[in-house]
Every structure is written in structure tokens, then in C-alpha cells.
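Novice: Input: one structure, supplied below.
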Amino acid sequence: MSPFLTFSLSRTCLFIVLSASALPGEELQPLITTTGKALVSEDFSGAEMPKVFRTLESGESFSIVEGALQAVSRAGQKQSTHGVIVAKAHDLTLSFAVKFIKPGALYIGVDGYKEQYKGNTHLVRFELTLERMAWDQHRGGPESKQAVGEAMKAARAAKKEMPKATPEQLADPNFFRIEALASKEIKCAVDEWHEVMIEVSGNELVAQVDGEKLAVTAEFADAMKSRLGFGLTKGGTVLIDRVRIYENTPRKGTEATPQK
């Protein structure tokens, strides 16, 4: 092989490697899993809300705008803007495009079976704002979750902050709390489309936003999943499009690298 051809091939390989990190607007690729059976493919191209998306108690906050799902977080809502897509699989991959029309906090909740509940509940949650992305997990039992929920309602009604959990409460595995797992500062521009991909493989979680990655290991994600929730808070307005949900299997020789 000639030296010129060797150099050309080396330069081509280097270009391919450098191009593997997605830029804003480019299609993302799974990092730790192999995509399997397609569960949901929704482009919101119809005039009405597709049956695959359920708006729960905040139907007035969702609409189809310009061929995308618009979610609006309105001041004074009794329930936060929240809808779900039913997708049953033990491990799954979610990808979608999002455009922030007005700054807010977008949450993707992964619901599944939890032994303490003898049924389905929140397992882990991904948060995306214009400045950061983050993972958290829900811990504790159903009775405590209900009690904490009532206390939060009372605090909001009285316009007071919730009291911080005591060390004794945090030491109790049945005490309900939302634990932060990892976060990362990013920059998402308003009025621009951003590509998001989430992989859940056992307890390994990986989120990608354009070219940024956030990987973490959870404690309770290794369970049968039942649905994915789309929530919006903090007065935001977003458009969501090109939702794809797949079953996945772990890719051999890869694993998430938890953020410290």
C-alpha cells in the first residue's frame, strides 16, 4: 500500500471518529445498548392528539402546533403539565426532538414495577432545562409518598417551603424522597430544535442532548417499565416531535460511566 493511500485512510478514519459525537440537530446514536423492537413512533402530524399520548389531568395544556406536540406550563395549575406514553419493556430507549419556546423544566419520568408498591410507580426521572440536564430517582414506600404529597400541597397552599427531611427520616428506606443522581451544565438555545436520547439498561442510565452525555447508575431502574411521562414546570412552553421508543439490549463491552 502506498504511503499516500495509508495517509488518506488514516485521515478518513480520524474524521469518522471525530464525527461520532453528535452536533445540535444531528441524529443521536445509542451508546450502551442495541436498539430492538420499535414500541412507539409518533410525529404528531395529525390535527388531533394521537391516541398513543395520554394527557391525564392537564389536557388543556397540550395541543398540536405546527406538526408537533406543544406543552404549556400555566401559572396557577392545580396539576403540573403532565402526559404519558404507555410503553412496556424491561429496558428501553427513548429519542425525541424538543424546542423550548419559553424557558422551563422538562421532565421525562420512567415508570415501572416496584416491589414496595406491589405495582407501578416512578423509578427514575430525567430533567432538561436551557442550562442543565439531570437524573434523579424516587425512593420510599407508598404510604410515605402520599403523606409527603399532602404535606407539599399544604406547604404550597400556605406559601411556605417544605421542611427538610431529618437524618432519621433519610435513614428510613420507606421514607419517600427524590434523590439527585447526577447533573451537568449545558446550553440549549431557545427557538431551536435539540435532539435527546435516553437509554435505560438495567440500572444504567445514559442521556444525550445534542453532543452532551450524562451517564449514571441508579438503584431501582432494573425493573419492568410501564410508561414514560412527559412533564413541564416553571412556566415553560415546549414543542416535542419525532418521539421514538424501542426495546433495547446491552451492548457488549460497553457500560455507563457514572458522573461523580
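Novice: Please tell me which of these pairs span more than 24 angstrom C-alpha to C-alpha: K187/K225; K114/K184; K145/K187; K187/K252; K37/K225?
Specialist: Pairs exceeding the cut-off: K187/K225; K114/K184; K145/K187; K187/K252.
Novice: The range 76-231: Rg/Rh from Cα coordinates, Kirkwood Rh?
Specialist: With Rg and the Kirkwood Rh in hand, the quotient comes to 0.97.
Novice: Right, another one. Would you please name the GluC sites (Glu not before Pro) within the range 26-77 that are DSSP coil residues with at most 14 other C-beta atoms within 10 Å of their C-beta?
Specialist: Taking the range 26-77 and a limit of 14 other Cβ atoms within 10 Å, the loop GluC sites (Glu not before Pro) found are E26, E27, E48, E66.
Novice: Need the C-alpha centroid separation for the range 207-240 versus the range 80-121, integer Å.
Specialist: The range 207-240 and the range 80-121 have Cα centres separated by 6 Å.
Novice: Then there is this: Where does the chain land at 222 nm, in deg cm²/dmol rounded to the nearest 500, when only DSSP H runs of n ≥ 4 count, each adding -39500 (n - 2.57), divided by all residues?
Specialist: -4500 deg cm²/dmol
Novice: Taking the radius of gyration and the Kirkwood hydrodynamic radius from Cα positions alone, what is the Rg/Rh ratio for the range 181-244, to two decimal places? Write out the running numbers ahead of the final one.
Specialist: Values: Rg = 13.4 Å, Rh = 13.9 Å.
My calculation of the ratio gives 0.97.
Novice: Given the options Q208, Q29, Q116, which has the most mean-square fluctuation in a GNM of the chain, springs set between C-alpha atoms less than 10 angstrom apart?
Specialist: Checking each option, the largest mean-square fluctuation is seen for Q116.
Novice: Then there's this: Using +1 at the Cβ of each Lys and Arg and -1 at the Cβ of each Asp and Glu in the range 141-213, identify which of I186, I198, A165 lies farthest towards the dipole's positive end.
Specialist: A165
Novice: Per residue, how much accessible area does the chain show when a 1.4 Å probe rolls over the protein heavy atoms, in square angstrom? Provide the component values of the computation, followed by the final result.
Specialist: Details: 14410 Å² over 260 residues.
Here the residues of the chain average 55 Å² of exposed surface.
Novice: Check each of the GluC sites (Glu not before Pro) in the range 139-189 and keep only those in coil by DSSP with at most 10 other C-beta atoms within 10 angstrom; list them in order.
Specialist: Here the sparse-neighbourhood loop sites are E161.
Novice: Taking the alpha carbon gyration tensor of the range 75-133, what are the square roots of 5 times its eigenvalues, largest first, to the nearest whole Å?
Specialist: 25, 16, 11
Novice: Simple spin-label model, 7 Å along Cα-to-Cβ: R227 to V190 in nm?
Specialist: Reported label-point gap for R227 and V190 is 3.2 nm.
Novice: Within a Cβ distance under 12 Å of D172, other residues only, what is the Lys/Arg minus Asp/Glu net charge?
Specialist: Spelling it out: positives minus negatives among the neighbours equals 0.
Novice: Tell me which aspartates and glutamates have Cα within less than 16 Å of K51's Cα, excluding those fewer than 8 residues away on the same chain?
Specialist: Cα-Cα hits under 16 Å: E42, D43, E60, D241.
The values are calculated or read from the model by the stated rules, or taken from the named source; none is laboratory data. Being a predicted model, the structure only gives us computed values, none of them experimental. Quick reminder, even Gly has a Cβ in these numbers, built from the backbone with ideal geometry, and neighbours come from all protein chains shown. For the accessible areas, the whole protein counts, side chains as well, though only heavy atoms, and no ligand, DNA or RNA atoms are used. Shrake-Rupley method; radii C 1.70, N 1.55, O 1.52, S 1.80 Å.
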